[in-house]
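Presented below is the structure to which this report refers.
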Amino acid sequence: MKRISLFLAMLINMMIAFFPAMSQQDTAITYKKEEVMIPMRDGVKLFTRIYIPEHIKGTFPILMMRSPYSSWNMGTKDPLQDPYVKDMAEEGYIFVYQNIRGKQESEGHYIMQRPVIANRIKDTVDESTDTYDTIDWLLKHIKDNNGKVGQLGISYPGWTALVSGGYPHPALKAVSAQAEMGDEFLGDDFFHNGAFRLSYTFEYTFEEEASKEDTSFHFPQYDLYDWYLHLGPLSNVDKKYLHHHIPTWDSFARHSSYDQFWEHYSPLSYIDTPHIPILHVGGYWDQEDINGPQLFYGHMKKFDTKNYDHICLGPWYHGQWSSADADHIGHYEMGSNTAAYFQDHIQKVWFDYWLKGTGNGHFPEAVAFQTGSNVWKTYSSWPPENAVKEKLYLQPDGNLSFKKSRVVTPRSYVSYISDPNDPVPYRQRPIEETYSHGSHWRTWLTEDQRFVDHRPDVATWESPVLTDNLTVTGDIIAHLFASTTCTDADWVVKLIDAYPDYDTANLSMSGYELMIASEVFRGRFRKSFSHPAPIPSNKTESYTINLHDINHVFLKGHHLMVQIQSSWFPIIDRNPQKYVPNIFDAKASDFITATQNIYCSGNEDTYIELPVIKE
């Protein structure tokens, strides 16, 4: 027996000697967790959770996330159990998760989306200085780091990555700003083209600012459509519930147009040149920060002299690419696990090259999943330069055509009545609390738009059946000619892929109306976001509305569809439709019914500008 044991031991030693790689691979990597308070230059200490690889030799780069949240993006999972970074964790990284000042267990005072000012005002702190100080500390106190740091994150943590890349520590070599907030008045969390995002803003600002911990507002009912409707004018929010205890809400109420407050808070004012490689990541159906990645990729590209600025767009809701499996969103089937593809073939390859020196570093300018065809595409420019801009005209008879209408009569428009006391719901009811268990908040941008087909306050146009595939890649722009009988109006424009009535490829999608691109515009800002003005009653006005970038194939046998409406409640607050200088001060009597006309011929042709790829 002893001879057999001795023989086995010798055999194992021989295998280790001849196959050292196999020996190392068989020793499973694990992570040791440490929690520390890291001091900043002003003495404030920030709570930081660190995961250090064990049972593997060598030096490792540091990959960092900075967040206001208690759980999501805050390293509550061992990296090996977190699908977002699992691929990288298996090969050895040092993971660092930090709460920003004033949140959770970190010291200091919290200011939502604290503007970066330290680069121009001495002896001040912001997220860029806190990141710099954190990296300095990590390099000195964590053994076996290779001197290189990367930063990534989604949503607020994506914005902190964007900020860090603007004023980087010398050891910060690359960042990935994912679903980062852009200009909050123009098109992300809180306002879209000046239209206030009521339900999301109320619930989110309360959660973040009611206490240092994450705290949800306690609603007395499940379906919140009626709750927000019975709330009445926006002035009732503070009178009845917040009582001036939520600073961000008070700021929004005081600054209802684009003034110095918004200029100061906009990242456009303090981020431009990409000083280190940056990968922006966004989703076509991101219900929270759809604009930021697209906005900042384009903004920073103007200043990019070293080819540092890159973008990845996918078929996702907010942060869906961090999940274990993303093969569908709502009822839309992607055809593959797009999250796994992103994590392994895009994100990991990006950080492995910049932080470990592996790979060839030949990154495409843009990687964009193409919906409809369900394939990944790479592009040398974004949007692609070979796209041909074609005009899809809205016809007075409810049709869509790439040719102008020949009808020129006093009735060459489509009308509907908008009643702010009976607003169009933005998604199917019940409309649950944003982050409640089972809420449909994440996927509402892909909901079947047939749920509003019956409403007389939703105008619809539809094309004939497509006889060939139509590939649309790039920025969708709506050029709207409209009038109202009142002095203010919201315009919601939706570009829809209408599936065949009988879809043999997927019966459950038969007749489905899939929203591909959409946006809202508050009419008072048609000439300037800084200087709102009443809309002249019964006078045709023009509006240019950016519906954002898409990459979609409208398949043969489908229809193109456009819907236009004047409310989207309660994600967008009710426009009184009677002009008041500040809607936060509107009275109940200011909310009045309006007749809206969408013009479809002559010199007032409403159309959707589509960037078409000829294939």
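Taking only Cα atoms, what is the 0 to 90° angle, nearest 10, from helix 2-18's long axis to the longest principal axis of the chain?
Compared with the principal axis, the helix lies near 60 degrees.
Given the stretch 121-245, report the % of alpha carbon pairs whose separation exceeds 26 Å.
The proportion of pairs with Cα distances above 26 Å equals 42 percent.
Packing-wise, with mean Cβ within 10 Å as the measure, how do 221-233, 488-500, 528-540, 601-613 rank, highest first?
The peptides rank, most packed first, as 488-500, 601-613, 221-233, 528-540.
Post the alpha-carbon centroid distance, the stretch 51-103 to the stretch 181-240, in whole angstrom.
31
Once you put a point 7 Å from the Cα of Thr467 and another 7 Å from the Cα of His245, both along the Cβ direction, what distance in nm separates them?
Spacing of the two 7 Å Cα→Cβ label points: 6.6 nm.
Stick to the Cα atoms of the stretch 292-387, pair each with every other, and give me the Kirkwood hydrodynamic radius in Å at one decimal. Kindly include the intermediate steps, with their values, before the conclusion.
Values: mean 1/r = 0.0689 Å⁻¹.
Result for the stretch 292-387, one decimal place: 14.5 Å.
Could you give the dipole magnitude of the chain about its Cα centre, charging the beta-carbon of Lys and Arg +1 and that of Asp and Glu -1, in debye to the nearest 20? It would help to have the intermediate numbers written out before the result.
Numbers: 53 positive and 78 negative charges, 211 e Å.
It comes to approximately 1020 debye.
Please state the charge dipole magnitude for the stretch 382-540, taken about the Cα centre, from unit charges on C-beta atoms (+1 on K and R, -1 on D and E), reported in debye and rounded to the nearest 20.
820
Under 16 Å from the Cα of Lys45, which lysines turn up, not counting those fewer than eight places away in the same chain?
Leaving aside lysines fewer than 8 places away in the same chain, those within reach of Lys45 are Lys103, Lys212.
I'd like to know which of Met37, Ser336, Gly361 lies farthest towards the positive end of the charge dipole of the chain, counting +1 on Cβ of Lys and Arg and -1 on Cβ of Asp and Glu.
Gly361
What nm distance separates the two modelled labels at Ser211 and Arg120, each placed 7 Å from Cα along Cα→Cβ?
My value for the distance between the label points is 3.9 nm.
Subtracting the Cα-Cα distance from 0.36 nm times the residue separation, let me have the gained length for Ala588 to His255 in nm, one decimal.
Values: separation 333, 0.36 × 333 = 119.88 nm, distance 2.07 nm.
So the extension gain works out to 117.8 nm.
Could you give the dipole magnitude of the stretch 312-464 about its Cα centre, charging the beta-carbon of Lys and Arg +1 and that of Asp and Glu -1, in debye to the nearest 20? Please list the in-between numbers first.
Details: 14 positive and 18 negative charges, 120 e Å.
Dipole size: approximately 580 debye.
Per DSSP H run of at least 4 residues, take -39500 (n - 2.57); add these up for the chain, divide by its residues and hand me the 222 nm value, nearest 500 deg cm²/dmol. Before the final figure, lay out each step's value.
Values: 12 runs with 106 residues, N = 615.
-5000 deg cm²/dmol, from helical runs alone.
First obtain the Kirkwood hydrodynamic radius of the chain from its Cα pairs, then insert it into the Stokes-Einstein equation at 4 °C and 1.567 mPa s, and state the resulting D in µm² per second as a whole number.
Approximately 50 µm²/s, per Stokes-Einstein.
Any idea how far apart Asp144 and Thr540 come out in nm if each label point goes 7 Å out from Cα toward Cβ?
Reported label-point gap for Asp144 and Thr540 is 7.2 nm.
Defining a contact as two alpha carbons under 8 Å apart and six or more residues distant in sequence, what relative contact order in percent does the stretch 401-486 show?
Rounded, it is 29 percent for the stretch 401-486.
Can you tell me the relative contact order of the stretch 191-263? Whole percent, Cα pairs under 8 Å, sequence separation 6 or more.
31
Would you mind putting 419-430, 82-93, 185-196, 156-167 in packing order, based on average other-beta-carbon counts within 10 Å, highest first?
So the order, starting with the most tightly packed, is 156-167, 185-196, 82-93, 419-430.
Computed FRET efficiency, Cβ-Cβ of Asn374 and Leu507, R0 30 Å: what is it to the nearest 0.05?
0.95
Could you give the distance between the Cα centres of the stretch 527-579 and the stretch 420-488, to the whole Å?
Answer, in whole Å: 10.
Would you work out the relative contact order for the chain, in percent, from Cα pairs under 8 angstrom that are 6 or more residues apart?
The normalised contact order for the chain reaches 14 percent.
Expressed as an acute angle from 0 to 90° and rounded to the nearest 10, what is the orientation of the C-alpha long axis of helix 292-301 relative to the principal long axis of the chain?
80
Taking the stretch 136-174, which trypsin sites (Lys or Arg not before Pro) meet the DSSP loop condition and have no more than 11 other C-beta atoms within 10 Å?
On the way: sites: Lys140, Lys143, Lys148, Lys173; in loops: Lys143.
Loop-located and lightly packed - Lys143.
Quick note: the coordinates plus some simple rules give every number you see, no bench work behind them. Because the structure is predicted, anything quoted here is derived from the model rather than measured. All Cβ positions, even for glycine, are placed from backbone atoms using ideal geometry, and neighbour counts span all protein chains on display.
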